[in-house]
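Participant: Please see the structure below; I have some questions.
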Amino acid sequence: MIERLIILESGRIENAWVEETVSLLAGSAVVVHPTETVHGLGCRYDSSPALERISRLKGRDPGKPMIFLLPGSAWLENLCGEIPRLSRKLVGLYWPGPLTLVLRTAASARSRVPWLGETVAVRQCGHPFTARVLAELDLPIASTSLNLSGQPAPGDPLQSLEILKTRWESEPCLRPELAVIDRMGSTGKNSNKELPSTILAVEPNSAVRVIRRGACPLSEIFSKAGIDPAAVEYL
């Protein structure tokens, strides 16, 4: 099915699996990885060839940005410009966890990665395997859900791989180098395996726009963070 397949069971994580995944990502490979929500296709955030492979594999618009999974909240300073106080509050409440924040991109980040847009979507993943990989890699990974673009992700990630297999059978260069599959769920905070992450855009003045409803309920976010629902914009 794929070059290398690792199945996580009973919460067991071998150091060798983490090291293998880190080594592949550092070398600009494409890796299927678990999160506390849906599985993702990921690569190091600054690898243009790997990002292009993911977009072609999914049939995805290459100009559509992916979510950056961060090794820790300190990477906010490296990727984002002005970080609103509300954003820091949300990070404290929900990270690691399935809340993605869209913030203004720092000029320094755009100089390092020229294809970054004016905003960047970031979160800290709460899945124990992927969190360890990110910590050891010490770089963000760009991640997008494990499904064909515009199609829902099947509940079984192995089924998703079978669907994507039709793409890399015709273009073998698109086949991911590694798939790490967690079929037993995760222990991530606020885990909800049926939904992707909730995405909020937070402006420098702390105005909030809802980009996507997801695993973190909006009513809970608004209540905990003191956000007035009447002032929120919905896309």
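Participant: Return the only residue of LEU93, LEU57 being surrounded by fewer than 21 Cβ atoms within 10 Å (Cβ to Cβ), over 16 Å from the mean Cα position of the chain (by Cα) and in contact (Cβ under 8 Å) with a residue 24 or more places away in the chain.
Facilitator: Unique residue meeting the criteria: LEU93.
Results for (1) among the aliphatic types (A, V, I, L, M); (2) at pLDDT 95 or above; (3) closer than 21 Å to PRO62 by Cβ; (4) crowded, with 16+ Cβ neighbours inside 10 Å, shown as yes or no for each residue.
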{"position": "TRP115", "(1), (2), (3), (4)": "no, no, yes, no"}
{"position": "ALA135", "(1), (2), (3), (4)": "yes, yes, no, no"}
{"position": "ALA142", "(1), (2), (3), (4)": "yes, yes, yes, yes"}
{"position": "LEU174", "(1), (2), (3), (4)": "yes, yes, yes, yes"}
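Participant: Cβ-Cβ below 9 Å, separation at least six or inter-chain, first residue in the range 1-25 and more than 21 Å from ALA142 (Cβ to Cβ), second in a loop (DSSP other than H, G, I, E, B) and modelled with pLDDT of 95 or more: which pairs?
Facilitator: Final answer for the pair search is LEU8/PRO34.
Participant: Follow-up. Is at least one residue of the range 158-173 not in a helix (DSSP H, G or I) and not acidic (Asp, Glu)?
Facilitator: For the range 158-173, residues not in a helix (DSSP H, G or I) and not acidic (Asp, Glu): absent.
Participant: Exactly one condition in (1) under 18 Å from the mean Cα position of the chain (by Cα); (2) in a helix (DSSP H, G or I) is not met by LEU101; state its number.
Facilitator: (2)
Participant: A further question on this structure: Taking PRO65 and the conditions (1) in a helix (DSSP H, G or I); (2) closer than 17 Å to VAL102 by Cβ, which numbered condition does it fall short on, given that it satisfies the others?
Facilitator: Only one criterion in (1) in a helix (DSSP H, G or I); (2) closer than 17 Å to VAL102 by Cβ is unmet by PRO65, namely (1).
Participant: Here's a check for you: in the range 69-90, which residue that is under 24 Å from ILE227 (Cα atoms) and part of a helix (DSSP H, G or I) is farthest from the chain's Cα centre (by Cα)?
Facilitator: ARG85
The values are calculated or read from the model by the stated rules, or taken from the named source; none is laboratory data. No experiment lies behind these values; they were computed from the predicted model shown. Cβ coordinates were reconstructed from backbone atoms using ideal geometry, including for glycine residues, and neighbour counts include every protein chain displayed.
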